[in-house]
Every structure is written in C-alpha cells, then in structure tokens.
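See structure below.
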Amino acid sequence: MKQKISSTNRIEMTFPNLAENEKIGRTLAAVFAAVLDPTIEELCDFKTAVSEAVTNAIIHAYPDSSGQIRISMDRKENQIHVTVTDYGIGIGDIKRAMEPLYTTITNGERSGMGFTFMEAFSDRLHVISRPGMGTTVFLSKKIGVGG
C-alpha cells in the first residue's frame, strides 16, 4: 500500500561548522525533497543550492573559531523553503559578496561562486546579514508534481 505524503512538513537541524557536516546538510535536503518525486535535474539543483549555503556558513562564518549552523526546511505542496543560519562574523557588503568570483579567502581554494550557484539552482535567494551577528540565507525551490 502506497503511503500518502503530507502536503506540508518541516525539519530543523543544528550542527557545528565542521566540513563533514556539509554532506549531512546536502543529504538532508535530498531526502526532504525526494518525497516530491523530483526529476534528477531538480534534485541535483536543489542539493547544490543547499550545499553551497551550508558550505558558505561552514567556511566563512567562523574563520578562527567554531560555531553552530542551523538549517530548516519547510515544504508546502511542492514548494520547499530552506533557511541556513549562522551566528558568525556576518557579511559587511552582501551585494559585493554575491558577485561572481568574489571571495574573502585568497589562498586559491575558493572559487567565489557560492551565491551564484545558489541563485542559479533555486527559484529564489535572499540573504540577510549583520557584521558580528551572523548570516541567514533563504532559498526556495519548486520541486516535482506536489504532495
């Protein structure tokens, strides 16, 4: 017997800014979206957008310390809203930070494409940040045929 999928759902997780936790955030996003029977392209796009948001928080929010990152996902029908929040150093100039190839890490290990990928692979991207207070990234994506 096929189980009926709820048209709404919400999940939230908090984890430390360890690099390995990016995989957890990406996997959580994939599983959360999977019940909507997405296409491979929809699922890959969604996972990439969430992965970039989590990676940015892990790498940039706490450059010299550890800290917490909170991810929440809300689904209503076939629309998923993701919020990734850190309580780190914040972003002084969001507009500049969102420019392709811009990065504050100059050792060559970062491409500066995180926000560009988030924007390309989600339907909506919004960023709120205050220096010294942290950053919240909001992503929305319509997936599949609905619940």
Q.
Can you tell me how many residues within the range 44-58 are of a type in the set (A, V, I, L, M) and surrounded by fewer than 19 Cβ atoms within 10 Å (Cβ to Cβ)?
A. 0
Q.
Could you check the range 115-146 and list, in sequence order, the residues that are part of a strand (DSSP E or B), in contact with a strand residue (DSSP E or B) (Cβ under 7 Å, 6 or more places away or on another chain) and either at positive phi or not aliphatic (A, V, I, L, M) (or both)?
A. Arg124, His126, Ser129, Gly134, Thr135, Thr136, Phe138, Ser140, Lys141, Lys142
Q) Given Thr103, Thr135, which one is β-branched (Val, Ile, Thr), surrounded by 17 or more Cβ atoms within 10 Å (Cβ to Cβ) and at pLDDT below 90? A) Thr103
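The values are calculated or read from the model by the stated rules, or taken from the named source; none is laboratory data. Everything quoted here is computed from the prediction, not taken from an experiment. Every residue, glycine as well, gets a Cβ built from its backbone with ideal geometry; the counts of neighbours run over all protein chains shown.
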